[in-house]
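The values are calculated or read from the model by the stated rules, or taken from the named source; none is laboratory data. Every value quoted in this text rests on a predicted model; they were computed, and no experiment measured them. Cβ coordinates were reconstructed from backbone atoms using ideal geometry, including for glycine residues, and neighbour counts include every protein chain displayed.
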Amino acid sequence: MARLRIPLPWVAAVLLLAALPFVPARAADASDAKPDPVRRLGPLMTEMRALLEDERASLLSLNQRLAAARGHAAALEVQREIARVKLSTEVALIRAQAKHARAAGHTAFADELETAAQTLESPPAARPASTSTTDNR
């Protein structure tokens with residue numbers, strides 16, 4: 001059986017689409033019609049939406065701090081904190097998917113998601129540049 005390999009950018013794209021608000025379509029001439037009922041989200045989407053709302057609130061606060069930052073060093077520190085918030089949210093979203101995949105019996109996929117989350121948290125060390133002293137022209 002072939003192993004399912006989903007590139008991380010595709011996972012991120014799915015997460016982005018999942019975060020978009022659901023806006024039901026309305027008839028153009030039905031101005032007096034009752035609003036459509038709110039679509040009920042499943043447990044995974046509810047959890048992901050909560051994570052994204054928490055991120056949005058944190059980023060709003062950090063963007064206010066960034067606007068008020070005095071000097072390059074202070075602004076850089078706030079920008080680093082913004083990057084940490086975004087990374088931790090991405091990891092939390094992937095782990096939520098892994099948890100729900102495991103609960104649904106998709107353990108292999110859950111393991112791949114968990115590996116992706118661990119890679120994001122601790123990326124592999126970069127290889128040092130070659131220090132060869134020979135001229136390869």
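Residue by residue, here is whether (1) surrounded by fewer than 12 Cβ atoms within 10 Å (Cβ to Cβ); (2) free of Cβ contacts under 8 Å to residues at least 60 places away in the same chain; (3) touching a Cys at 6+ places or on another chain (Cβ under 9 Å); (4) more than 30 Å from Ala101 (Cα to Cα) holds:
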position	(1), (2), (3), (4)
Met48	no, yes, no, no
His72	yes, yes, no, yes
Ala75	no, yes, no, yes
Val78	no, yes, no, yes
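Filtered by the rule that a residue be hydrophobic (A, V, I, L, M, F, W, C) and touching a helix residue (DSSP H, G or I) at 6+ places or on another chain (Cβ under 6 Å), the range 46-58 gives Met48, Leu51, Leu52. Note on the range 82-94: residues that are buried (at least 19 other Cβ atoms within 10 Å of the Cβ) and out of contact with any Ser or Thr (no Cβ under 9 Å at 6 or more places or on another chain) total 3. In the set (1) modelled with pLDDT under 95; (2) surrounded by fewer than 16 Cβ atoms within 10 Å (Cβ to Cβ), Asp111 fails one condition alone, (1).
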